[in-house]
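Chemist: Just dropping this structure here.
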Amino acid sequence: MKPLENNVLIEAILDDRSAGGVLLPDVTKEQGQTRKGKVLAVGPGKVVEQIEKVENGKTFWRVIPTTVKVGDVVWFDYYSASKVESGDPTKPNYLVAENRILALED
């Protein structure tokens, strides 16, 4: 799957244990407003304006490239994400607009 514009495909990283070490059931892992995940694919960037230059019938656009890269670990807003099928129910995938990514983990 290749995201369009400034969208990012993220595989959620679900923790099996709480901060105190208690094993969490699957339902608990799905809750929460922020989610941690690994970037699987990145769109080319956000189209911000049309450039007036037209060559051979083609219109050119100004694009702001995305800043996250494949392999980055990020925190994103769960309620702004769209869940997509991944083929593996233990590793849910989400499409997220780049401006809804809250933090990049070092």
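Only the coordinates and a few stated rules stand behind these numbers; no lab work does. This is a predicted model, so every value here is computed, not measured. As a convention, Cβ positions derive from the backbone with ideal geometry for all residues, glycine included, and neighbour counts pool all protein chains shown.
Chemist: So who's got an amide H within less than 5 Å of the one on Ala41, skipping anything under 5 residues away but keeping other chains? H placed 1.01 Å off N, in plane.
Modeler: Residues meeting the criterion, in which the H sits 1.01 Å from N, are Leu9.
Chemist: Another question about this same structure. How much net charge surrounds Val74 when only other residues with a Cβ under 12 Å from its Cβ are counted (Lys, Arg +1; Asp, Glu -1)?
Modeler: Residues close to Val74 contribute a combined charge of -1.
Chemist: Taking H placed 1.01 Å from N in the peptide plane, check which residues at least 5 places from Leu102 or on another chain put their amide H under 5 Å from its amide H.
Modeler: For Leu102, the qualifying residues are Trp75, Phe76, Asp77.
Chemist: Apply the Karplus curve 6.51 cos²θ - 1.76 cosθ + 1.60, θ = phi - 60°, to the phi angles in the stretch 93-99 and return the couplings in whole Hz, x for Gly and Pro.
Modeler: These are the phi-based 3J(HN,Hα) values: 10, 9, 9, 9, 5, 4, 6 Hz.
Chemist: Using each residue's phi in the stretch 56-61, evaluate 6.51 cos²θ - 1.76 cosθ + 1.60 at θ = phi - 60° and report the 3J(HN,Hα) Karplus result to the nearest Hz, with x for Gly and Pro.
Modeler: Those phi angles translate into 6, x, 9, 9, 9, 10 Hz.
Chemist: Moving to a separate point now. Hey, which lysines would be in cross-link range of Lys36, C-alpha to C-alpha under 30 Å, not counting anything within fewer than 8 residues on its own chain?
Modeler: Leaving aside lysines fewer than 8 places away in the same chain, those within reach of Lys36 are Lys2, Lys46, Lys69, Lys83, Lys91.
Chemist: Going by average Cβ density within 10 Å per residue, which order do the peptides 80-86, 58-64 take, highest to lowest?
Modeler: 80-86, 58-64
Chemist: Using θ = phi - 60° and the Karplus curve 6.51 cos²θ - 1.76 cosθ + 1.60, what whole-Hz ³J(HN,Hα) does each residue of the stretch 41-51 get, with Gly and Pro shown as x?
Modeler: With coefficients 6.51, -1.76 and 1.60, one gets 7, 9, x, x, x, 8, 7, 10, 6, 8, 8 Hz.
Chemist: Which order do Tyr79, Tyr94 fall in if you start with the one that has the fewest other Cβ atoms within 10 Å?
Modeler: Fewest-to-most ranking of Tyr79, Tyr94: Tyr79, Tyr94.
Chemist: Turning to a different aspect of this structure: Using a 10 Å cut-off around each Cβ, can you sort Leu95, Leu102, Leu4 from fewest to most neighbouring Cβ atoms?
Modeler: Leu4, Leu102, Leu95
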